[in-house]
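**Q** Have a look at the structure that comes next, please.
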Amino acid sequence: MTTRFRHSAGFGRRMEYWLIGQMLREGLDVYVPLVDDFGIDAVIRKHDNNFVEVQIKARSHNVKEGDAALFAAIVHPMPRKDYYFVFYSERLDSMWIMSSEEFIAEGVQNKTGKNVGKRSIWFNGTKTDVTTGRKVEYPKPRYNQYLARDFSIFRQVTDLVVTPSVEEGNAGLE
């Protein structure tokens, strides 16, 4: 039982660093807080030296069938300015990026039970493949506007113009 918890906790941390690494490769000025007290996994410097806060949530390929992109029991009571969620599903190899306001508008808030007040969002659906008869998970088209292949949304909200530096192999600012 301890091994499973340690594996799942390790998965989340590995995915955070992997996605932060992708942000760095795209030239974003990213910093990682030492303590995760306020649901902040990374901060990205804006052109005016203020920051965008980022919370990363990831689901592994080992989750229950049908739950590949279910992100549940998230504590987020009210909108936060310059706060974004990055949701990643390993099994679907898909990523959704939403602002705090978008997450509150699109997600659901639990009204009863042990997770009352917490929020959830389910980016995937399931359907039966007519040729194989097997259940197949797919990203719900309802959330297509949040699907992201890169972190260009953060270049837009930070007003940064980033180009890769060919000589150094690093990203630089124009």
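**Q** Which numbered condition in (1) assigned to a strand (DSSP E or B); (2) open to solvent by 30 Å² or more (accessible area, probe 1.4 Å) is the only one that Thr112 fails?
**A** Status for Thr112: all satisfied but (1).
**Q** Determine the pairs where a residue that is on the phi > 0 side of the Ramachandran plot, located within the stretch 79-93, has a partner that is buried (at least 16 other Cβ atoms within 10 Å of the Cβ) and not basic (Lys, Arg) with Cβ atoms under 8 Å apart, the partner being 6 or more residues away or on another chain.
**A** Every condition considered, the pairs that remain are Asp82/Phe51; Asp82/Val52; Asp82/Glu53.
**Q** Please go through the stretch 116-133 and give me each residue that is in contact (Cβ under 8 Å) with a residue 40 or more places away in the chain, open to solvent by less than 40 Å² (accessible area, probe 1.4 Å) and not aliphatic (A, V, I, L, M), ordered by number.
**A** Correct list: Gly117, Arg119, Ser120, Phe123, Asn124.
**Q** Counting only residues that are under 16 Å from the mean Cα position of the chain (by Cα) and open to solvent by 80 Å² or more (accessible area, probe 1.4 Å), how many does the stretch 32-57 have?
**A** Qualifying residue count for the region: 1.
**Q** On to the next question. When you look at Arg142, is it closer than 21 Å to Asp67 by Cα, open to solvent by 80 Å² or more (accessible area, probe 1.4 Å) and at pLDDT 95 or above, yes or no?
**A** Details: closer than 21 Å to Asp67 by Cα: yes; open to solvent by 80 Å² or more (accessible area, probe 1.4 Å): yes; at pLDDT 95 or above: yes.
Judged against the criteria, Arg142 is a match.
**Q** Does the stretch 64-84 contain any residue that is among the small types (Gly, Ala, Ser), surrounded by fewer than 19 Cβ atoms within 10 Å (Cβ to Cβ) and touching a strand residue (DSSP E or B) at 6+ places or on another chain (Cβ under 6 Å)?
**A** Just the residues of the stretch 64-84 that are among the small types (Gly, Ala, Ser), to begin with: 66, 68-69, 72-73.
Those still in the list that are surrounded by fewer than 19 Cβ atoms within 10 Å (Cβ to Cβ) too: 66, 72-73.
Within this subset, residues satisfying the condition of being touching a strand residue (DSSP E or B) at 6+ places or on another chain (Cβ under 6 Å) are 66, 72.
Yes, that holds for at least one residue.
**Q** Now, a different point. I want to confirm something. Restricting to the stretch 68-82 and keeping residues that are out of contact with any helix residue (DSSP H, G or I) (no Cβ under 6 Å at 6 or more places or on another chain) and not aliphatic (A, V, I, L, M), which single residue is nearest to Trp122 (Cα to Cα)?
**A** Checking each candidate, the answer is Phe71.
The values are calculated or read from the model by the stated rules, or taken from the named source; none is laboratory data. Nothing here was measured: the structure is a model prediction, and the numbers come from that model. Please note: Cβ atoms are built from the backbone with ideal geometry, for glycine as well, and neighbour counts cover all protein chains shown. Quick note on the areas: whole protein, heavy atoms, side chains included, nothing else; ligands and nucleic acids left out. Shrake-Rupley method; radii C 1.70, N 1.55, O 1.52, S 1.80 Å.
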